[in-house]
Structures are given as C-alpha cells and as structure tokens.
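A.B. asks: Sharing a structure below in structure tokens format, with a few things to ask.
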Amino acid sequence: MTITRPATLNTTVAHVDCDCFFVSVELIDQPHLKGTPICVCGPTGSSGVVTAANYEARPYGIGAGTPYFQAKAMCPHATFIQGDFVKYGHKSFQLFEMLHKFSPNVEHTSIDEGYIDLINLDRIYKMSHTELMLKIQQTILEKLQIPVSIGYAPTKTLAKIASKLNKPYGIAKIDHTNLAEILRITPIKEVCGFGRRIQIKLKYHFSIHTLADYVNADPTFVKAQLGLPGLIIWHELQGTPLTKLTNRDAAPKSILRSAMFPHKTTNHDFIRNWLVGRLEEAIKKLNNHNLKCETVGVFLRKQHPDKVETTTELPEPTADFTTIKNAALNLFDQIYNPQQLYRAGGVFLHNLSPQNKEQLSLFEQPLTTNLADLLNHFDKILGKNTITTTAGAKYKKDNANPFNNSY
C-alpha cells in the first residue's frame, strides 16, 4: 500500500521542546559553564542518578538515568549539579505563560515541552508560520534565556518528530514536500507512544523498522495488532489530524503558583500585587477542576535556600476568590519584613476536594457571585486574561505582548 495523504497538508500545530532544560536553567546562574559537560542530578546528589545531561556530556555515554558514580567515572571533569526542581518549576511556568500569549490553545505535556495550536495565528500576527516559529524561539531565548527547538506539522505526532530533526535550537517543518522522505529515514522508536515492547513487536515480528514501513502496512492489520491508538498514529503520520490539543491537566492534589521576581525587592505593594496575580492563576485552576481548598499558604524566598512560609486553615473548604485572597494577604502581612530583600514568592492551595456543583453557564444558570468563576468564564468566551482583577492587571501589564522587551 502506498502512502496516502489528505488533499492538503497544512501546518496546524507546533511542538516546542526545550533543549537540555534543567541544564539550560542552571546556565542562567552559571554562564561560565557553557560549553562544558554538565550533569544535573536528583535531590539525593551523589547517591542518586543523572536526571539531565547536556550535549557536551552525552558523547561520554552519560544520559538521563546514569548512576552518579558511573557518570563521574565516564567524565571526571564534568560539573555535577544537584537539581533545584522548584527553580525548574518556576521557569517552566514562565515558559508556558509566554506560549499562552502567542496562542490561546497550548497543551502542556511535561515540564519542558508542549504543543501550540497554530490555526489562524498567521492572520493574527500577519506573518508566515515559519516567521512565527522563529519569533517564538527568539523571544523565549531573549526573555527566559532558554533555548528551544520547534517542529511544526499538520498533526501532533508529526510535529513532535519534527522538533527533534534540528536539535539543538533548531526549527523544522514537515509538510507535503518532505513527508515521504522523513517517514523513510525515521525509525519507529521516534514515535511517542511506541514503547520498547511495541518496537520489538513491530521490528522482529513484522519487519517494520521505519515510519514508512508502518504507514505502508494495511490499516486493518495495524488496528488488529496495536488497537485504535496504533491506527490513530497511522493516520497522523500521513498528515490526518485526529488528536486535538487539550489545555486541561488531570485534577491536581495541590496547586502551587510561584515565580522569581524580575529583581530583588523590598517593595510591599509590588510583592503583594505579584502574589495576587499568582493567586488568580491558582484559583482559576482550582475552579477549572471544580475543586475547593481548605488550606492556603504563602511563601517568600530570600537568598537561596532561605525561605519563609506560613499556612492557614480556612473556616470551611471554598473556591471563593475573595475568601482565599483575604486569607493569603493576611499570611503575607505576617511574614513580610520591610527590611528584607526578596527574590521570589508564591502561593499554594492544599487539602483539595470536589465542589459538587455544575459548571457555570452564562445563559442557562443564574449568574454566580464567585469572582473566580466569573474570571474563568470570561477566559473561555473572551480569551485568557482578557478580564482580571486590578492587582492582577498590575502584575500582568508588562507581560501582555509576547514581543514586549520587558518580562
């Protein structure tokens, strides 16, 4: 069977993948290490394993999962850094916040990669998808100091494959001009969803080694061997989009929203407004998952690793914005010291439980007085962060335009 394609192969989705994300974040604070082998290890340090190795360390055989003592023997002159996963979480949040400014539909797939819906963005930004990919890549590097590789294609499956073609810091497109060749040279291990067991089955039982081999297989055979997921991949590899982007995560057990400040500060109002902005994000997520919280916490970070934090129990579980905000600001006033320089801050919501209420509908149900519900609802019908609180607006105003030079 020959490769079949839709009549047109329009690029509709991009996959953004950070290059050596953990190492890239560490290089922001230690730029003198650039160009040298670097390994980020887990929280147990020398008794654990490597969680990330940069491109300079990989020729020595070091990769994610390599035990520390083996990596040290393979490359004694490498720099080994104990990972700061709170810091990586901060940078990841900034990354996806920036991607959301380019497109309202962004899917988070992990801490350092995700998909962007490209439909109509060429009209909005008045530039081609190629120009837009370059602009996104350059903006992320300029404002976050994180290099990313981007692949864009007609489907999510092809976009993820494309993002690996020109790493690091590359951009690649898959369309009708190169699809057949990409499928011919790409091994099946490059498909997300084909684990080791499936790879062995395809290669050694059915002599399917490349993506071209796979799409040339009969679809009835594909479905019989790999089920509906395998058939969806079969179609997506030929340019037919069958999986949609989703920007809703699984229901969380707790919610944390935090970030580094643009600069160290003692300014009470600045920190207060910053925390309210983060609290808006946290409560929107709380309501998106139809949850309420019983515990609210606030923390401020001074010089690493010094941190002050405090929590409080609410009178009863709630998702009400005003109630949670008042509790959080009271906590902030308890730990804030006007003589102290702070470099980061955040809020967290714990002890989550279902709200047991129906989703807000503007036309079918009475208008709620819950501010967080209103903000959520206007996000859906008008766009993300179109309407916000006054404090949240102060926090967001410098970040409204993805091409803005201040972040």
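Since every read-out is calculated from the coordinates, none of them should be taken as a lab result. In this text the structure is predicted, and so the values were computed from the model without any measurement. In this analysis, Cβ positions are derived from the backbone assuming ideal geometry, glycine residues included, and neighbour counts consider all displayed protein chains.
A.B. asks: Percent relative contact order of region 21-84, based on C-alpha pairs within less than 8 angstrom and at least six residues apart?
C.D. replies: 35
A.B. asks: Something else about it: Could you pull the Rg and Dmax for region 21-84, using just the Cα atoms, both in Å?
C.D. replies: Answer for region 21-84, Rg first and Dmax second: 10.3, 27 Å.
A.B. asks: What's the FRET efficiency of GLN199 with ASN10 using the Cβ-Cβ distance as r and R₀ = 30 Å, to the nearest 0.05? Don't skip to the end; give the middle numbers.
C.D. replies: Numbers: r = 30 Å, r/R0 = 1.01.
Working from the Cβ atoms, E equals 0.50.
A.B. asks: Measure off 7 Å from each Cα along the Cα-to-Cβ vector at HIS32 and THR220, then give the distance between these two points in nanometres to one decimal.
C.D. replies: If labels sit at HIS32 and THR220, their model points lie 6.9 nm apart.
A.B. asks: Here's another thing I want to ask about it. Taking the number of other C-beta atoms within 10 Å as the exposure measure, put HIS209, HIS32, HIS235 in order starting with the fewest.
C.D. replies: Numbers: HIS209 15, HIS32 7, HIS235 19.
So the ranking, lowest neighbour count to highest, is HIS32, HIS209, HIS235.
A.B. asks: Relative to the present Cα-Cα distance, how much length would full extension add between ASN337 and VAL49 at 0.36 nm per residue of separation?
C.D. replies: On the way: separation 288, 0.36 × 288 = 103.68 nm, distance 3.89 nm.
Here the answer is 99.8 nm.
A.B. asks: To make sure I understand, if each residue's beta carbon is the centre and we count other beta carbons within 10 Å, what order do LYS285, LYS223 fall in, fewest to most?
C.D. replies: Listed from fewest to most nearby Cβ atoms, that is LYS223, LYS285.
A.B. asks: Also, I was wondering about something else. Where Lys and Arg each count +1 and Asp and Glu each count -1, what net charge lies around SER254 among other residues with Cβ under 12 Å from its Cβ?
C.D. replies: It works out to a net charge of +2.
A.B. asks: Taking neighbour counts of Cβ atoms within 10 Å as a proxy for exposure, in what order, fewest first, do TYR342, TYR125, TYR60 appear?
C.D. replies: Listed from fewest to most nearby Cβ atoms, that is TYR125, TYR60, TYR342.
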